[in-house]
1. Please compute the modelled spin-label separation between Phe241 and Glu218, points set 7 Å along Cα→Cβ, answer in nm with one decimal.
2. For the range 30-79, build the charge dipole from Cβ charges (+1 Lys, Arg; -1 Asp, Glu) around the Cα centre, then report which of Ala49, Val71, Phe35 sits farthest towards its positive end.
3. Quick one: work out the % antiparallel among DSSP beta bridges in the chain, nearest 5.
4. Just the ratio, please: alpha-carbon radius of gyration of the chain over 2.2 N^0.38 Å, N its number of residues.
5. Rounding to the nearest 10 and keeping the result within 0 to 90°, find how far the Cα-based axis of helix 111-120 lies from the longest principal axis of the chain.
6. Lys pairs in the chain, Cα-Cα under 19 Å, at least 8 apart or on separate chains: how many?
Amino acid sequence: MNEGEQNAARRQLVVFDFDWTMIECNSDTEVVFKFCADKEISKKRLQEAAATRSWTRGMDEELKAISELDVKSKDIQDFLATIPIEAELLRFVEEAAQAGIDLRVLSDANSFFIEGVLQSKGLLGCFSRIVTNPVTLQGERIVVSPFHQDEHPEGSSSPPNLCKGRVMKDWISEREWHSVVYCGDGEGDYEGVNALPKEGTALVRKDWGLHRRLVRAEEEGIAVPRVVVWEDQRDLAASLFKFL
Ligand SMILES: [Mg+2]
């Protein structure tokens with residue numbers, strides 16, 4: 001790679017949602033269902049939290065209940081290490097970081113879970129930023145708080161804990177980017193995708209919430225960025241390699 005190519009790589013930004021995009025599960029429910037006392041009860045409580053848009057608070061309460069069962073943070077960390085990242089996606093992250101592409105995570109999960117998974121694969125150092133709900137440890141108890149504590153700007157339909165549109169706008173305004181890519185699957189990624197500059201690309205999980213929302217927006221005549229669909233992480237990795 002010559003110097004010009006290296007400079008271009010440094011001006012490339014690739015943003016990953018985490019659950020169901022970087023990994024093939026929801027890290028929140030994966031951890032809760034592994035360690036909780038009663039899966040059905042926890043499931044019901046989390047469904048209620050989702051319905052009232054208070055998922056982060058609901059997760060914090062589940063983590064509190066888990067710590068009361070004498071589950072140690074190390075037990076959770078060991079479990080996170082067993083969550084796989086698809087081999088081709090892992091290879092993309094390593095090679096992209098090596099090439100100087102700016103990789104970031106923007107996720108509704110939490111810092112403990114995301115860092116736990118990435119660290120166990122040796123990938124943590126590949127990401128320049130991880131924006132998610134922050135975790136503090138109170139003894140063995142994992143305490144998760146919302147990332148955004150203030151009101152979202154008018155027009156935002158994001159859950160109160162995190163507006164991905166807001167974060168993406170800040171990141172995009174940091175500098176002039178050669179290209180910006182956003183990888184996501186759920187409705188919660190819609191505002192992040194919408195913040196993409198016109199030269200941006202959305203890598204969108206086929207037929208999932210984000211895709212359906214983008215199709216609907218297009219039908220309503222709303223301008224959407226360039227969309228490339230993917231069906232699984234291997235497919236996502238193949239699309240990403242085209243940006244290397
Ligand atoms: Mg997701």
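Taken together, the values in this text are just the output of simple stated rules run on the coordinates, not laboratory data. Fair warning: this is a prediction, and the values are worked out from it, not measured in the lab. Note that we place each Cβ from the backbone using ideal geometry, even for glycine, and neighbour counts take in every protein chain shown.
1. In this crude label model, Glu218 to Phe241 measures out at 2.5 nm.
2. Checked the options; the winner is Ala49.
3. 15 percent
4. Taking N as the residue count of the chain, the ratio is 1.01.
5. Orientation of helix 111-120: about 70 degrees from the principal axis.
6. Total qualifying Lys-Lys pairs in the chain comes to 16.
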